[in-house]
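Student: Pasting a structure here, questions to come.
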2 protein chains.
Amino acid sequence: MSITGENFIGSTRSGKGENSFQAFNPAENISMPEKFVYATEAEFEQALTLAHHAFISYKNTSTIQRAEFLEAIADEIMALGESLLERAAAESGLPMGRITGERGRTCGQLKMFALLLRDGWYVDARIDTAQPERTPLPKPDIRRMLIPIGPVAVYGASNFPLAFSTAGGDTASALAAGCPVIVKTHPSHPGTSELVSSAIIKAAQKTQMPEGVFSSLNLADDQSIKLVQHKFIKAVGFTGSRKIGMVLHNATVNRPEPIPIYAEMSAINPVILMEEALKAKGEAIARGLAGSVTMGAGQFCTNPGLVLLIENETGNAFLNQFAGYLSASEPATMLNKNISKSYHKGLELAKSVSGVTVLAQGIKAADNDRNEARPIALTVSAEDFLLNKALSEEVFGPATLLVLVKDVAQLHQVINQLEGQLTATVHAEPADQSNLIPIIDIITQKAGRVIYNSFPTGVEVCHSMHHGGPFPSTTDQRSTSVGTAAIYRFLRPVSYQDIPDEILPEALKNSNPLNILRLVDGSWKNGLIA
Amino acid sequence: MSITGENFIGSTRSGKGENSFQAFNPAENISMPEKFVYATEAEFEQALTLAHHAFISYKNTSTIQRAEFLEAIADEIMALGESLLERAAAESGLPMGRITGERGRTCGQLKMFALLLRDGWYVDARIDTAQPERTPLPKPDIRRMLIPIGPVAVYGASNFPLAFSTAGGDTASALAAGCPVIVKTHPSHPGTSELVSSAIIKAAQKTQMPEGVFSSLNLADDQSIKLVQHKFIKAVGFTGSRKIGMVLHNATVNRPEPIPIYAEMSAINPVILMEEALKAKGEAIARGLAGSVTMGAGQFCTNPGLVLLIENETGNAFLNQFAGYLSASEPATMLNKNISKSYHKGLELAKSVSGVTVLAQGIKAADNDRNEARPIALTVSAEDFLLNKALSEEVFGPATLLVLVKDVAQLHQVINQLEGQLTATVHAEPADQSNLIPIIDIITQKAGRVIYNSFPTGVEVCHSMHHGGPFPSTTDQRSTSVGTAAIYRFLRPVSYQDIPDEILPEALKNSNPLNILRLVDGSWKNGLIA
């Protein structure tokens, strides 16, 4: 499979533009040969017009047809074989094992949404039957379900070149919902994106999806903003930095016609270590935490960037244990040069804050420049942490800041001051329980996922996962980017009043041909309406 | 019950400000005596701080406690008796029968949410149990539910001084969700608002809700904007004009921490009259349509402001029938002087557009100024309609524009060009069916509710109602302001990972003490987890 550097305008490869960029291999610190051509204005408009027209028929495809499309995408991604894995590893600096696992997750997500479509209940069907005899006014027949919102713009993340990118969660949930997708390719892995796009296009053709159901575009910065502003785009999914997320957010919500944007941006994912937990299993926590901080060169949105513990003998013993594990950790290549630079800049800034001390550093990188990050743990007192807002900002990479609090009251003070987070974690023992309940109460207000005696990295893909959280972790805490509930991003309700049964969508017909759970006259039930 | 003109800062009446405004009786065309005092900066901050603190405990009240609170509000509203009805009628110009009905609807909504809380399934509980033996990684236990989002600012509507105002849908759904509410009183019915606020406060005290769970503030325009911008406000509900809705929308989404805003603004609610329907029952449609256009002086968000029909013999016969009914309709007092002025201004503008003709006018108002609106029906050709965007703007009042199309193709052209709507209606007979299906397909894209052989006025309050729609009918088409699904406005998901059962919220405990339907390992079920 050769890489052409072109855009996909629907199923057509096209690269008529004059400007281009190259991919970069961070581990080898060299540019890769192919030229990725930015879309021209005409190509851009054409992709959007195709998506707009594709929606007219794609929204009316059956859930089974869309399930087959998603399954075909998974098959075509697997059919790309080693070439995809090698390209993704080269462009991201991530090890082959990790990329292989991520490919499994990506295909697993597609199949999960296919299963959700086959189950069918996600349309949240609600039926209130007519009461023509009601006084003073007859009650009409009202039936409500969720329908697709329209074409979606997807901006993938650098840190998951497969699972949060071209055929990642947002694309899978939008296509599942019945929405055409336009992917803005990520400049950190454009070749990977092209390969995955080709798989999606093949699957669309094999399953006879309408032309324009998927396009992918290489876009310069100004074009990226134009994409969210385009009148044919009806929702936006983004995963990335707070800075770029807010640029897109502001462009989206200030359109003449505002539309939803789901930007997942930054988090420091606090981990609270209760005293009895440290006494009972400090060693295991130290080992686990060091693993979580350094996993994937710390390049996870759920990386534990903040650890809170009480400063006393138990706490100090833990610091020693943790320092030991962290010191033994290896440096690792980061996703790209910018992320590597930002990591070092962020660390310099944090270290320059009054009261911040280096607790431990991982093994130093070799001199040859492989864009490696050296793991690091810093400590600071709660007083200094509270005084310096800069310490609450995410440093993307294998770094964590341990904040030493005097007592439980000060612990409350620190967590009450935190911004919104994707996750918040507590390690505790039953003996901590009286202190634990108010802490869980506070962190539930701060985070989208509350974790007990585990670590935030590793996001389970399932029905009950909420991967989202209060601002600035996301711009819309009502929504998840992982798990089946992500389909709600791209759906909107519609009610049908007194519509004849033969014209109603299948999900709302009396005979319940999809055999789904529905709220009928106030009771949830399967089966038909007599 | 005397009106003091003060604000409710939590349960305390307070009116320390220097500036005030008076209510206005539109039917008598006079100002009412009481002075409503704008909140001072200190009162404003105090109400917000109280709401912020109230949330800490209010979010943890049980569903039963909140159900009792809502039921008590309904009881206290009824206990206000005639004084509430008389005040609301005087301030709104609406007849006593309508106000009495609206009170019933308001109390009915409160009780509907109470029942939803007692049912309990609205938290959308999803549980994926642990699989410690799973390879390569064990599967954690993940449980997700919806929790309240935080204090909510509510801006009620002039046209429903009870059902969409102080204790209206947004307040009811926010309080049901577990969110404290700050109401900005509507200057068109401040006395009604004060009476209803006093009922809410009494109910809060009787059911031992935390101080600050509800406040109501008289706010000048600049303070109204500050309310949505305040850091303690976490969501906004608004019903009113497009102009003010967009001011609040823009202020809300451009906060340093963006939050959801649900602004329901404007719609012209197209009604499409198919040829066979007009042949079979033109007379009944003409009568029903005239009633829908003029009901409540046309002051409904679902008022049918646009009617589409084919220009031919059948169509012309219908125009005559409709003109007959409309000509016989009475003038009626509008809600306030501004709305009355806007109605006349909007009509002048519409009439000045090339090709617009007056089809019929209702009975002329008497000379004494009671702020009355005279019903009117205008006609225009599809060509002229398509050329003049101004004709697509809502004229709030008992007016409608009938657009005469040449054929079904031109009908498609017109409806494809429409902006987003709350509702879209089709009148058809079985013989219209081949033309009907593509039309329903298009209008479903344009509207939140699709109605068959009925009229858009009259919004049923039930589980399956979606009262919302694409922009500009609302700023967030994912959400409804009527029916039980309105509770989702003020909820957000949270996942709990590996949290011990004794600490989990009741909705997620193994024993399922609330006995609610939950998605357990992919299957919806009641009952407990073994």
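Student: As an exercise, take the mean of 1/r over every pair of distinct alpha carbons in the stretch B:270-452, invert it, and state the Kirkwood radius in angstroms.
Tutor: On the way: mean 1/r = 0.0609 Å⁻¹.
Here the Kirkwood hydrodynamic radius works out to 16.4 Å.
Student: Determine the distance separating the Cα centre of the stretch A:169-214 from the Cα centre of the stretch A:398-412; give it in Å without decimals.
Tutor: So the two Cα centres are separated by 44 Å.
Student: Follow-up. What does the convex hull of the Cα atoms of the stretch B:107-177 come to per residue, in Å³, rounded to a whole number? The partial results should precede the final answer.
Tutor: Values: hull volume 7.1 nm³, N = 71.
Here the figure is 101 Å³ per residue.
Student: Quantify how strongly other chains surround peptide A:451-463 by giving the mean number of their Cβ atoms within 10 Å of each of its Cβ atoms. Walk me through the intermediate numbers first.
Tutor: On the way: counts 7, 9, 5, 5, 1, 1, 0, 4, 3, 8, 1, 10, 10.
Other-chain Cβ atoms within 10 Å of each residue's Cβ, averaged: 5.
Student: Give the Cα extents of chain B along the principal axes, in whole Å, largest first.
Tutor: Rounded to whole Å, the extents work out to 73, 64, 40 Å.
Student: So what's the convex hull volume per residue for the Cα atoms of the stretch A:1-138, in Å³? Each step should come with its number before you reach the end.
Tutor: Numbers: hull volume 25.4 nm³, N = 138.
Value for the stretch A:1-138: 184 Å³ per residue.
Student: Which whole number gives the average, over all residues in B:486-495, of C-beta atoms from other chains lying within 10 Å of the residue C-beta?
Tutor: Mean partner-chain Cβ count within 10 Å for B:486-495: 6.
Student: Taking amide H positions as placed 1.01 Å from N in the peptide plane, with prolines and chain starts having none, which residues 5 or more places from A:Val183, or on another chain, fall under 5 Å of its amide H?
Tutor: Correct list: A:Val154, A:Ser215, A:Ser216, A:Leu217.
Student: Moving on. Once you charge only the Cβ atoms, +1 for Lys and Arg and -1 for Asp and Glu, what is the size of the charge dipole of the stretch B:270-452 about its Cα centre, to the nearest 20 debye?
Tutor: Details: 14 positive and 19 negative charges, 113 e Å.
Value, rounded to 20: 540 debye.
Student: What do you get for Rg/Rh over the stretch B:258-344 if you use C-alpha atoms and the Kirkwood form of Rh?
Tutor: Values: Rg = 15.9 Å, Rh = 14.7 Å.
Answer for the stretch B:258-344: 1.08.
Student: Taking only the C-alpha atoms, wrap a convex hull around the stretch A:296-389 and report its volume per residue in Å³ as a whole number. Working shown, then result.
Tutor: Numbers: hull volume 10.1 nm³, N = 94.
Cα convex hull per residue, to the nearest whole number: 107 Å³.
Student: Can you tell me how much longer the chain between B:Lys351 and B:Asn526 gets when fully stretched, taken as 0.36 nm per residue apart minus their C-alpha distance, in nm with one decimal? List each step's numbers first, then the result.
Tutor: Working: separation 175, 0.36 × 175 = 63.00 nm, distance 5.96 nm.
Contour length minus the Cα-Cα distance gives 57.0 nm.
Student: Only bridges whose two residues both fall in the stretch A:270-452 count here: according to DSSP, what percent of them are antiparallel, nearest 5?
Tutor: Working: 6 of 29 bridges.
Close to 20 percent.
Student: How many angstrom lie between the C-alpha centres of the stretch A:249-312 and the stretch B:19-56?
Tutor: Value for the Cα centre distance between the two parts: 43 Å.
Student: Between the stretch B:483-530 and the stretch A:63-84, what is the C-alpha centre distance in whole Å?
Tutor: Result: 33 Å between the Cα centres.
Student: What net charge is computed for the residues neighbouring B:Val450, neighbours being all others with C-beta under 11 Å from the C-beta of B:Val450, Lys and Arg scored +1, Asp and Glu -1?
Tutor: Working: positive: A:Arg143, A:Arg144, B:Lys446, B:Arg449; negative: A:Asp498, B:Asp441.
Around B:Val450, the surrounding residues sum to +2.
Student: So what are the ³J(HN,Hα) numbers for the stretch B:212-217, from phi and the Karplus equation (6.51, -1.76, 1.60; θ = phi - 60°), rounded to whole Hz, Gly and Pro as x?
Tutor: x, 5, 8, 9, 9, 10
Student: Stokes-Einstein D for the protein assembly as shown at 10 °C, 1.306 mPa s, Kirkwood Rh over Cα pairs, in µm²/s? Numbers along the way, then the final one.
Tutor: Working: Rh = 30.3 Å.
After rounding, the answer is 52 µm²/s.
Student: Could you give the length gained by full extension between A:Lys364 and A:Glu502, i.e. 0.36 nm per residue of separation minus their alpha carbon distance, to one decimal place? Could you put the intermediate results ahead of the total?
Tutor: On the way: separation 138, 0.36 × 138 = 49.68 nm, distance 6.99 nm.
That pair, A:Lys364 and A:Glu502, stretches by 42.7 nm at full extension.
Student: For A:Ala317 and A:Gln417, compute 0.36 nm times the residue count separating them, minus their Cα-Cα distance, and round to one decimal in nm. Spell out each step's value before the answer.
Tutor: Details: separation 100, 0.36 × 100 = 36.00 nm, distance 2.68 nm.
Here the segment from A:Ala317 to A:Gln417 would lengthen by 33.3 nm.
Student: Across the residues of A:516-527, average count of Cβ atoms on other protein chains within 10 Å? Show your work: numbers first, answer last.
Tutor: Values: counts 1, 4, 1, 6, 2, 3, 8, 3, 6, 0, 1, 0.
Average neighbour count from other chains, rounded to a whole number: 3.
Student: Follow-up. With the cut-off at 22 Å, tell me which of the pairs B:Lys281/B:Lys351; A:Lys206/A:Lys509; B:Lys16/B:Lys184 have Cα atoms farther apart than that.
Tutor: Numbers: B:Lys281/B:Lys351 29 Å; A:Lys206/A:Lys509 30 Å; B:Lys16/B:Lys184 17 Å.
Cα-Cα > 22 Å for B:Lys281/B:Lys351; A:Lys206/A:Lys509; rest within.
Student: I've got another one for you. What number, rounded to the nearest 500 deg cm²/dmol, is the helix-based mean residue ellipticity at 222 nm of chain B, given -39500 (n - 2.57) per DSSP H run of at least four residues and division by all its residues? The partial results should precede the final answer.
Tutor: On the way: 14 runs with 199 residues, N = 530.
Computed mean residue ellipticity for chain B: -12000 deg cm²/dmol.
Student: Which value, in debye to the nearest 20, gives the size of the charge dipole of chain B about its Cα centre, when Lys and Arg are +1 and Asp and Glu are -1 at the Cβ? Provide the component values of the computation, followed by the final result.
Tutor: Values: 45 positive and 53 negative charges, 124 e Å.
It works out to roughly 600 debye.
Student: Taking amide hydrogens as modeled 1.01 Å from N in the peptide plane, which residues meet the under 5 Å criterion relative to B:Tyr262, leaving out close sequence neighbours?
Tutor: Those qualifying (amide H under 5 Å, at least 5 residues apart or on another chain) are B:Val236, B:Gly237, B:Phe238.
Student: Follow-up question, since we're still on this one. Please report the antiparallel percentage of the DSSP beta bridges confined to the stretch A:413-530, to the nearest 5. Before the final figure, lay out each step's value.
Tutor: Details: 3 of 8 bridges.
Antiparallel: roughly 40 percent of the beta bridges in the stretch A:413-530.
Student: In debye, nearest 20, what is the charge dipole magnitude of the stretch B:177-285 about its Cα centre with +1 on Lys and Arg Cβ and -1 on Asp and Glu Cβ, if you could check?
Tutor: 280 debye
Student: Amide H to amide H under 5 Å from B:Asn453: which residues, 5+ apart in sequence or cross-chain, H placed 1.01 Å off N in plane?
Tutor: Here B:Val426, B:His427, B:Ala428 satisfy the definition.
Student: Something else now. Could the peptides B:359-370, B:286-297 be put in order, highest first, of the mean number of other beta-carbon atoms found within 10 Å of their residues?
Tutor: Working: B:359-370: 14.3, B:286-297: 22.1.
Ranking the peptides B:359-370, B:286-297 by packing returns B:286-297, B:359-370.
We did not get these values from a lab; they are worked out from the coordinates using the rules stated. Quick caveat, the model's predicted, so the values are computed rather than measured. Backbone-built Cβ (ideal geometry, glycine too); neighbour counts: all protein chains shown.
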